[in-house]
Amino acid sequence: MEIQIKSLDDLKKMRRAGIVVGEALLLMKAAAKPGVTTLELDSIAAQHLRDRGAISSFLGYYGYPNVLCASVNHEIVHGIPNERPLQEGDLLSLDFGAIVEGWHGDSAISFGIGEIDPADQKLMDTCDESMWRGIAAAKVGGRLTDISAAIQGYIDSQGKYGILREYGGHGIGTEMHQDPHVVNYGEPGLGPELVVGMALAIEPMITRGSATTKVLKDEWTVVSVDKSNGAHFEQTFALMPDGRPFVLTSLDGGAARLGALGVEISSLVE
Ligand code: MF3
Ligand code: CO
């Protein structure tokens, strides 16, 4: 499949989807407390889609049964919401996608429920920062794996973490998953040239142990085989016509986190 190049108009629509996703993740994070179930979080997200006139990117995707992926502790990604109450100390990853006028936004966050193991917090902080460094490394005229190398370089600088190999980021636009696939490891300077109008979902997935995973019998939930806890962060960003990035699923467009890395965001949206 060719890489879909978006016009400014297309990217403005993707921004509308991105805002719905960013808002829903914040609503769910605020509601996620001990005793709350991930199915309740799924309902909050479904209601938010209705409130905003958006539809789910996930529901029905290869038969996926919900609008949310909720993965707890050694579940790393693609967990199906269920009736188990969240407990103090859990590490929760939420992954959510929305469609507005045919354009997708896709984002994920990980956070702790109540007080958590400091090593789990470090795992999440490392995963989150690696994602931002990956986005910051995406320059017009550069190459796709500049992103991959920046992600791995940061993770490896922080300790011994397992970086999932079987899953990665992706192009996104009028489909949730488009070319190119974006791996979270490897050498810079390879792959397609980064050009204006590309939109990519960047999503590192790491564990405190081995990167070896398996899929549970529910055919979705990806767990670490060594049962080590995992973290997952994801944002959808675009290279805008002014040559700068804009993080479509971040409510501030990425201004704060990219600014901290010395990258100015595009002023073409909003
Ligand atoms: N949002 C996931 C990704 O980042 C995909 C979710 S799988 C689904 O690529 F089935 F839930 F849609
Ligand atoms: Co994704």
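No lab work stands behind these numbers, since they all come straight from the coordinates. Because the structure is predicted, anything quoted here is derived from the model rather than measured. Ideal geometry is used to build each Cβ from the backbone, glycine not excepted, and the neighbour counts take in all protein chains shown.
Scanning segment 31-77 for residues that are of a type in the set (Val, Ile, Thr) and in a strand (DSSP E or B) gives Thr37, Ile55, Val72, Ile76, Val77.
When Phe237 is tested against (1) out of contact with any strand residue (DSSP E or B) (no Cβ under 7 Å at 6 or more places or on another chain); (2) farther than 22 Å from Pro81 by Cβ; (3) of a type in the set (Phe, Trp, Tyr), exactly one condition is not met: (1).
Every test in (1) more than 21 Å from Pro180 (Cβ to Cβ); (2) crowded, with 19+ Cβ neighbours inside 10 Å is passed by Met131 save one, and that test is (1).
Among the candidates Lys13, Lys6, the residue that is touching an Asp or Glu at 6+ places or on another chain (Cβ under 7 Å), under 14 Å from Leu248 (Cβ atoms) and more than 12 Å from ligand 1 (Cβ to nearest atom) is uniquely Lys13. Within segment 221-258, being β-branched (Val, Ile, Thr) and over 14 Å from the mean Cα position of the chain (by Cα) holds for Thr221, Val222, Val223, Val225.
Among the residues in segment 110-130, are any part of a strand (DSSP E or B), within 19 Å of Gly230 (Cβ to Cβ) and either touching a residue at least 60 places away in the same chain (Cβ under 8 Å) or among the basic types (Lys, Arg) (or both)? Yes, because at least one residue in segment 110-130 is part of a strand (DSSP E or B), within 19 Å of Gly230 (Cβ to Cβ) and either touching a residue at least 60 places away in the same chain (Cβ under 8 Å) or among the basic types (Lys, Arg) (or both). For Ile99, state whether it is aliphatic (A, V, I, L, M) and within 15 Å of Ile76 (Cα to Cα). Considered against the rule, which asks whether it is aliphatic (A, V, I, L, M) and within 15 Å of Ile76 (Cα to Cα), Ile99 comes out as no. Summed over segment 149-192, residues that are buried (at least 20 other Cβ atoms within 10 Å of the Cβ), of a type in the set (S, T, N, Q) and in contact with a helix residue (DSSP H, G or I) (Cβ under 7 Å, 6 or more places away or on another chain) total 1. Asp179 meets each of the listed conditions (1) charged (D, E, K, R); (2) within 14 Å of ligand 2 (Cβ to nearest atom); (3) free of Cβ contacts under 8 Å to residues at least 12 places away in the same chain apart from (3). For segment 248-261, the criterion of a residue being in a loop (DSSP other than H, G, I, E, B), closer than 19 Å to Gln178 by Cβ and of a type in the set (Val, Ile, Thr) is satisfied by at least one position.
When Leu27 is tested against (1) within 23 Å of Gly253 (Cβ to Cβ); (2) aliphatic (A, V, I, L, M); (3) within 16 Å of ligand 1 (Cβ to nearest atom), exactly one condition is not met: (3). If you go through segment 56-95 and keep only what is surrounded by fewer than 17 Cβ atoms within 10 Å (Cβ to Cβ), within 16 Å of ligand 1 (Cβ to nearest atom) and not aromatic (Phe, Trp, Tyr), you end up with Leu59, Gly60, Gly63, Pro65, Asn82. For segment 17-55, the set of residues classified as buried (at least 21 other Cβ atoms within 10 Å of the Cβ), in contact with a helix residue (DSSP H, G or I) (Cβ under 6 Å, 6 or more places away or on another chain) and farther than 18 Å from Leu92 by Cβ consists of Val20, Ala54, listed by residue number.
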